[in-house]
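Heads up: the structure comes next, in structure tokens.
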Amino acid sequence: MKIGIIGAGNIGSVLAGYFRKLQHTVLIANSRGPETLSQVTRADGAVPVAISDVAKGVDLLVIAIPMKSVPVLPKDLLSELPPSSPIIDTGNYYPLRDGVIPEIEREVIESEWTSLVLGRPVVKAFNNIVADSLLHKGLPKGSKGRIALPVSGDDIKSKQMVTALLDRMGFDAVDAGPLSESWRNQPGTPAYCPDPTIEQLRKLLQRAKRDKAPGNRDQAAKIMAKLAPGFPPQELVRVARLSAGLDIFKPRSWIAALHLGLAALRA
């Protein structure tokens, strides 16, 4: 396939590397221009392009940018994106980072808001895994402990394409229903970043409480903002698993929670 990626941060860069390994052609763009993408393109072989060109004729478009940046994308960005080409939204709403988005505060689902802004359907995927796990934890199909990721959307064919891509990358996929149900794996829910298996993920999605998620999200964001940039990402995963009730009998998870608390206090 020919795949376009908007955003060269942690998730966008990791996805570019995966897609190149799978022999796809990858175009990548950011808001600062293709001349700033030399490090990313040297690492994975993606082609840096202007943001106005990243969606032209691609078979799949990935949007991996902060939600505050979605409304400032070029208005004609999708004019040459084929109607059959899915758009993957990897975004998450953090008011501490994105500012207040009134529609989401009024309970519009995050990815439904993104879809409304873009004027095109989107598939929600890759939003509930840290980049380190995405980069290092893919496993062959049938492997014990293989991580599962939710895929939400209203178009069956688009979800099937994303599911097949996930499988080739080394991850199971769970059909998490229509886009209106994608709140179940937004920040602040049990399914957010605990690297679950397919059986665990299905249960975690069902346990999500929409009224509790924003408070959990904001509390976690305040702690994260205090952490040093080099805080180990797998310590965060262990804390997420502990919070989701997956590893309550593993001492290492409790130690990770202690490390997180101490790091936040020292900041």
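General remarks:
- Just one of the listed residues (Leu135, Leu149) is in contact (Cβ under 8 Å) with a residue 60 or more places away in the chain and within 15 Å of the chain's Cα centre (by Cα), and it is Leu135.
- Test for Ser253: is it open to solvent by less than 50 Å² (accessible area, probe 1.4 Å), without any contact (Cβ under 8 Å) to a residue 60 or more places away in the chain, farther than 18 Å from Gly91 by Cα and over 17 Å from the mean Cα position of the chain (by Cα): yes
- Flag for Met161 being open to solvent by 30 Å² or more (accessible area, probe 1.4 Å), of a type outside the set (S, T, N, Q), closer than 30 Å to Arg120 by Cβ and not in a loop (DSSP other than H, G, I, E, B): yes
- Verdict on Ala29 being buried (at least 19 other Cβ atoms within 10 Å of the Cβ), at pLDDT below 95 and in contact with an Asp or Glu (Cβ under 9 Å, 6 or more places away or on another chain): yes
- Subset of segment 66-104 (residues that are acidic (Asp, Glu) and open to solvent by 40 Å² or more (accessible area, probe 1.4 Å)): Asp76, Glu80, Glu103
- Filter result for Gly215 (without any contact (Cβ under 8 Å) to a residue 12 or more places away in the chain, out of contact with any Ser or Thr (no Cβ under 7 Å at 6 or more places or on another chain) and on the phi < 0 side of the Ramachandran plot): no
- Residue selected from segment 105-140 under the condition part of a loop (DSSP other than H, G, I, E, B) and among the β-branched types (Val, Ile, Thr), by the criterion surrounded by the fewest Cβ atoms within 10 Å (Cβ to Cβ): Val108
- Selection status of Met169, open to solvent by less than 50 Å² (accessible area, probe 1.4 Å) and more than 18 Å from Leu205 (Cβ to Cβ): yes
- A residue that is touching a helix residue (DSSP H, G or I) at 6+ places or on another chain (Cβ under 8 Å) and exposed (fewer than 15 other Cβ atoms within 10 Å of the Cβ) cannot be found anywhere in segment 182-199.
- Verdict on Val47 being β-branched (Val, Ile, Thr), surrounded by 16 or more Cβ atoms within 10 Å (Cβ to Cβ) and touching a residue at least 24 places away in the same chain (Cβ under 8 Å): no
- Reported count of residues in segment 41-56, each being in a loop (DSSP other than H, G, I, E, B) and of a type in the set (S, T, N, Q), is 1.
- Subset tally (residues that are free of Cβ contacts under 8 Å to residues at least 40 places away in the same chain and either over 19 Å from Trp113 (Cα atoms) or in a strand (DSSP E or B) (or both)) for segment 57-80: 2
- Single residue of Ile3, Ile63 found to be within 19 Å of the chain's Cα centre (by Cα), buried (at least 21 other Cβ atoms within 10 Å of the Cβ), of a type in the set (A, V, I, L, M) and more than 17 Å from Met169 (Cβ to Cβ): Ile63
The values are calculated or read from the model by the stated rules, or taken from the named source; none is laboratory data. Remember, it's a predicted structure, so these values are computed and weren't measured experimentally. Cβ atoms come from the backbone with ideal geometry, glycine included; neighbour counts cover every protein chain shown. Heads up: the accessible areas ignore ligands, DNA and RNA and are worked out on the full protein's heavy atoms, side chains in. Shrake-Rupley method; radii C 1.70, N 1.55, O 1.52, S 1.80 Å.
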